[in-house]
Amino acid sequence: MAAGFVRSSSAGRYRFAVWVANVSDTGNKTIIWYAHNNSTYDALEADGTSTLRVNSAGVLAWTTAAGIAIWSNTANSNTTALTLNDTGSLLYGPWSSFAEPTDTLMPAQALPQGSNSSDVITLQSASGRYKLVNSLALNYYESPTVQTGFTYTNMTGGNSLLNLTDDGKLVLSGAQQLIASDMGAKNRLRRLTLDNDGNLRLYSLIPATRSWRVVWELVQERCTIQGTCPGNNTICVRVGANGVSCVCPPGFRNRTDGNGCDAKKRLGNNGDKFVRMDFVSYSGGATNNRATEPAQYMTKQPPTNLADCQSKCRSNPTCPAFGYKFGGDRTCILYSKRLVEGFWSPGSEMSTYIRVAATDNDTNPFTGMTTMIDTVCPVQLALPVPPKQKATTIRNIAIITTLFAVELLAGVLSFWAFLRKYSQYREMARTLGLEYLPAGGPRRFSYAELKTATKDFTDVVGRGAYGTVFRGELPDRRAVAVKQLHGVGGGEAEFWAEVTIIARMHHLNLVRMWGFCADKDQRMLVYEYVPNGSLDKYLFSSSSAPPSAGDGGGAEGEESSSIAASEGKPILDLHTRYRIALGVARAIAYLHEECLEWVLHCDIKPENILLEDDFCPKVSDFGLSKLTSKKEKVTMSRIRGTRGYMAPEWVIHREPITAKADVYSFGMVLLEIVSGRRNYGFRQDSVGSEDWYFPKWAYEKVYVERRIEDIMDPRILLHVDDDAESVATVERMVKTAMWCLQDRAEMRPSMGKVAKMLEGTVEITEPVKPTIFCVQDD
């Protein structure tokens, strides 16, 4: 730690501050406190002639050369010693800088709390536009001098922040805690900072490189922070993992001062039109946490149809746009005078219709799969001209018979032509997915686009029974994995089920699907590219591979795990393995309990757990005919999954298949994460084959012999500190696995409870010893 004067952004100006010394990855000093005014929290600056001194009254003051006080601590003291301790706290008698935080909170630093009568500014960003109020709400202010702000998010669970512990925990009111990704790592300096972009982040200083790393942040979606794209009419679009881009809607261009967008053409006598922008909404974006505009700028109308909503906006000259939500509620929102806080997100069901000049021909990048296809073609019938009538009766009968035959034939031919046309357009609708995909689904790529993105399908990263996986790069520089399916016909329900199900699954620990291709007989799925490959490559040797069972449960996992295979795998330490196990548990709990539909994974194993650059886990290979009602049990006609990870009810056919089958598979994976051993490759020297059962052996080692080190991966055993916390983490993981591996499904906990057991938020009783079961072929 260091304290003194630091140069500010203004030439020749300085601030008195405390900063972290010897940080290598930043060009500027990491300031954790600076002199400020207690009432406004504004940063104070002075020229190089100012000094820090103790005046005759014993007050520490920062004064100019003329003796004018710029800042003082307002505390009288009988000492003249100014002390900086190792925690970063500046002390002068009874006064401490920790009592007056600026934009940063250090470990063990208590924060001032608000009251019912007045608000307290806990932290404030250096720009002054973002403030943490009452240690609870993050507010946005249009300028540092504005007194009223808009709340765009709150702390997790609505609990106020109390302090930051040395081991990386954020302590909240209500006995709640938030755990950072490096929780438990020793010899780490951490700081909680409200950055200038409005996000509250926890930084950890890596000792080896002396560089900061973000280990937790409050807001995951940057565009949901107010003020990210200032000015009128702009739309915030996410770019990559952490970036955003502020773009203009069709018919608008950037202002010369960079503050918003202006219309290219004025609305005149030539009339106007409305341009539809899918997944775009203003004044609140896609979440309910953001502040909304006052009523004079945005009003929600009673439920109405699209035509009436458009008519109301057109009749009002000050209405620049209207929003409409296509659904049962028929939501209509009318904007007035200005459009602010634009937000694009595929998760939004809102479409915004913006008013532009009728002569404007700008291309519209905000389009979804909402174009209708005209499937009705006119059929023209031509009847022959009847011959002239003759006087004879025979001739008249012949003519009548001929006409009747011609009419009958024409009717049959017309009906046949109609059936043929109907069949052709029905197949076209199936090919385009109109029978299965709702409007606003994932993006549909053409075969030519994916061929270019994958360099003519040359970079193969995986093969399996259902298809081949290629690495590619989209025009926006996103790396993707393109799965080219084999043996899937046009319009097959399984393909569209996977598209519709997986596209609706949005979770930090689930592999994200960006789009699909249905071009003639080509069927492809476009996933995000996970760079570090699958978990099995970090736990086991390359020679061990799981035997598949049923309908090829192992093949799909091989495809997913090969999406990003790499060489030179590092050894995963205990804390990283714990974080991976917790992330996988939360992802499966999301599939079981938090989705609108109930999705069973049916094939949980290390090959289907992918790892990002920071070893954040991503569960893959879910969807595909595993959808059912939450209140129903599943009866499968074929065994699904991989031998060694299947629950007993898969082979005991009288037992129904429920979500507890996934719990069993997760328990086996959890034991493998701790031990670094394949469960089906486990062998003992004893004669009895029942001693080969992996869960039974792990139970006896932990609860009978009390030798927990025997089940731990030898590669990490030497690196694990022999302390109570590490032992408690391993015991909690093993005890949770034992409950997951109970042979009776009703004795296993739900995945939601499993996640809480791993977090340590619920008490875990002593588990029952798992019993072995036999897999018999029919």
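Quick notes
- Kirkwood Rh and Cα Rg combined as Rg/Rh, region 214-256: 1.05
- Shown is the FRET efficiency for residue 55 and residue 99, computed with R0 = 22 Å from the Cβ-Cβ distance and rounded to the nearest 0.05: 0.60.
- Among 318-327, 129-138, 147-156, the order from most to least packed when residues are scored by Cβ within 10 Å on average: 129-138, 318-327, 147-156
- Distance between the pseudo-spin-label points of residue 724 and residue 761 (7 Å out from Cα toward the beta carbon): 2.4 nm.
- Cβ-defined net charge surrounding residue 584, 14 Å radius [Lys, Arg +1; Asp, Glu -1]: -3
- Extension gain for residue 9-residue 406 works out to 133.7 nm (0.36 nm per residue, less the C-alpha to C-alpha distance).
- Considering only region 235-357, percent of DSSP beta bridges that pair antiparallel, nearest 5: 95 percent
- Region 235-357 shape via C-alpha gyration tensor axes, a/c threshold 1.5: oblate
- Packing-based exposure ordering (other Cβ within 10 Å, fewest first) of 221, 759: 759, 221
- Here region 169-212 is treated as an ellipsoid with the same Cα gyration tensor; its semi-axes, largest first and in whole Å, are 20, 16, 6.
- Taken over the alpha carbons of region 2-220 as equal point scatterers, the Debye sum produces base-10 log I(q)/I(0) values at 0.11, 0.16 Å⁻¹ of -0.56, -1.19.
- Residue-count net charge about residue 704 - beta-carbon cut-off 11 Å; Lys, Arg +1, Asp, Glu -1: +3
- Projected-area average for region 85-166 over all orientations - Cα convex hull basis, square nanometres: 6.6 nm²
Since every read-out is calculated from the coordinates, none of them should be taken as a lab result. Everything quoted here is computed from the prediction, not taken from an experiment. Cβ coordinates were reconstructed from backbone atoms using ideal geometry, including for glycine residues, and neighbour counts include every protein chain displayed.
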